[in-house]
Each structure stands twice: as structure tokens, then as C-alpha cells.
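Here the structure comes first, spelled out in C-alpha cells, and everything after it is commentary.
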Amino acid sequence: TVVSDNSVIGDDTVIRNHVVISANTQIGKRCLIKSHVILGEEGFGLERDEASVQIRIPHFGRVTIEDGVEIGTATVIARGTLDDTVIGENTKIDDSSFVAHNVVIGANSVICSLVCICGSVHIGSNVWIAPGCLIRDGLKL
């Protein structure tokens, strides 16, 4: 497991094997981060320059994991570009899911396995998302 600079991990949080916690990631209290999770790497943010060449845009945001969150094995949560990516209190994310940059998920939500949440999606509290769902960028649920 790697914990980078300026990351905060709350009391009674369990971090399992081979986890990457990138710089400026905040994890609350009583969380469970299962093996092979990646938190806070930059997302797939690209723009075209004047010659139409794809260039990577900087990601200045963070990942904030609130208290009581569980993140399943092999899940990736990307840091925000300008705003933070936020996982709300007591939310549970199952194995092999992806949460893109600038996503905000409210409290007490359940994200089942193999879910892909694209950039800048806002999900409310107490939401249940079925296995294998793809949620397109910019939607509000």
C-alpha cells in the first residue's frame, strides 16, 4: 500500500493490501478500503490543442471519502479536475467499479459491482445503482 503526501486517513479506517492513496486524498473515520483500490489518481481528462492533438488537462481537485464508506476490491476513484470527487457518508461501493473526476455521491448510497460513473455526475443520497450500470457524464440522479 502507498499513501502519498498530504493524505488524511481517519480513525478506525481499515486499508487492505496493494492500495494506492494519491496526494491530497481525505478518508474519513470507520471506512473500509479493500485490496487493489486506487484513490486520487487523475482521471481521463483530455482536450484537443489547436492542432487537434489530444493533451492531458491538469487535475487540481481531490478525493474526499466521508465517514463509514466501504470501497470494494479493484475500484478506482479519480480526483477532480477543479472540484473534488466526493463519496458521501456511509456509501458502499462494490468491487470493480469506477468513479470519474468531479463525481459527487450523497450519503447512504449503494453502488453495486462493475458500475462506471462518468465525469461530473451528481448522485443524491439513499440511491441504489444496479450491477453493471454505466452513468454518462454530467447527469444528476
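Looking for something surrounded by fewer than 20 Cβ atoms within 10 Å (Cβ to Cβ) and within 17 Å of Val121 (Cβ to Cβ) - is there at least one such residue anywhere in segment 56-79? Checked against the condition, which is being surrounded by fewer than 20 Cβ atoms within 10 Å (Cβ to Cβ) and within 17 Å of Val121 (Cβ to Cβ), segment 56-79 yields at least one hit. Annotation: of all residues in segment 101-141 being touching an Asp or Glu at 6+ places or on another chain (Cβ under 7 Å) and either closer than 23 Å to Arg56 by Cβ or basic (Lys, Arg) (or both), the one that is surrounded by the most Cβ atoms within 10 Å (Cβ to Cβ) is Asn102.
Taking the criterion of being surrounded by fewer than 22 Cβ atoms within 10 Å (Cβ to Cβ) and among the basic types (Lys, Arg), would at least one residue in segment 44-52 satisfy it? Steps first, please.
Quick first cut of segment 44-52, residues surrounded by fewer than 22 Cβ atoms within 10 Å (Cβ to Cβ) only: 44-52.
Then drop every residue that is not among the basic types (Lys, Arg), which leaves 48.
Within segment 44-52 (the criterion being surrounded by fewer than 22 Cβ atoms within 10 Å (Cβ to Cβ) and among the basic types (Lys, Arg)), the answer is yes, since at least one residue qualifies.
Taking segment 87-100 as the range and being part of a strand (DSSP E or B) and open to solvent by 30 Å² or more (accessible area, probe 1.4 Å) as the test, the residues that pass are Lys92, Phe98.
Yes/no per residue for (1) under 10 Å from the mean Cα position of the chain (by Cα); (2) closer than 18 Å to Ser7 by Cα:
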position: Leu46; (1), (2): no, no
position: Ile65; (1), (2): yes, yes
position: Thr75; (1), (2): yes, no
position: Thr91; (1), (2): no, no
position: Asp95; (1), (2): no, no
position: Ser109; (1), (2): no, no
position: Cys112; (1), (2): no, no
position: Ile117; (1), (2): yes, no
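The values are calculated or read from the model by the stated rules, or taken from the named source; none is laboratory data. Keep in mind that this is a model prediction, so the values were computed, not measured. Positions of Cβ are backbone-derived with ideal geometry, glycine not excepted, and every protein chain shown enters the neighbour counts. The accessibility values were calculated without ligands, DNA or RNA, using every heavy atom of the protein model including side chains. Shrake-Rupley method; radii C 1.70, N 1.55, O 1.52, S 1.80 Å.
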